[in-house]
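The values are calculated or read from the model by the stated rules, or taken from the named source; none is laboratory data. Predicted model, so just to flag it, every value in this text is computed and none were measured. When we count neighbours, we look across all protein chains shown, and the Cβ atoms used for this are built from the backbone with ideal geometry, even at glycine. Note: accessible area is taken over every heavy atom of the protein model, side chains too, but ligands, DNA and RNA are not part of it. Shrake-Rupley method; radii C 1.70, N 1.55, O 1.52, S 1.80 Å.
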Amino acid sequence: MAGKQAPNVAVLGLGIMGMAIANNLEQDGLLAATWNRSKKTGFPKFRESISDAVHGSEFILVLVTDDQAA
């Protein structure tokens with residue numbers, strides 16, 4: 001991105017899809033933070049709360065099983 005700062009992305013929900021997407025974003029230097037309702041503290045840039053995870057993020061990806069999990 002010539003002359004532009006790369007966007008930063010928060011990923012909420014670290015199931016199969018969320019983990020894969022977060023790993024790819026981390027490799028590309030775009031991952032700002034992650035969050036999951038069951039703690040995954042060993043995961044890159046994991047935050048304890050949703051508000052901490054989304055603070056300052058330009059994009060927020062929510063990957064949950066259903067509306068009950070949101």
Could you tell me which GluC sites (Glu not before Pro) in the chain are loop residues by DSSP with no more than 10 other beta carbons within 10 angstrom of their beta carbon? 48
Cα-based Rg then Dmax for the chain, in Å, read 11.9, 41
The correct ranking of 21, 60, 16 by accessible area at 1.4 Å, largest first, is 16, 60, 21
Charge-dipole axis of the chain as Lys and Arg at +1 and Asp and Glu at -1 on Cβ define it, positive-most pick from 15, 44, 34: 44
Return the aspartates and glutamates within reach of residue 40: Cα separation strictly under 19 angstrom, same-chain partners fewer than 8 residues apart disregarded; answer none if there are no such residues. 26, 48, 52
Mind putting a number on the dipole of the chain about its Cα centre? Charges go on the C-beta only, +1 for Lys and Arg and -1 for Asp and Glu, and I need it in Debye to the nearest 20. 160
CD proxy at 222 nm, helix term only [per DSSP H run n ≥ 4: -39500 (n - 2.57); per residue of the chain; nearest 500]: -6500 deg cm²/dmol
Rel. contact order, % - alpha carbon contacts under 8 angstrom, at least six apart, the chain: 40
Karplus 3J(HN,Hα) series, Hz, for the range 44-52 with 6.51 cos²θ - 1.76 cosθ + 1.60 (x for Gly, Pro): x, 6, 5, 10, 6, 10, 4, 4, 5
Does anyone have the angle between helix 16-27 and the longest principal axis of the chain? Alpha-carbon axes, 0 to 90°, nearest 10? 20
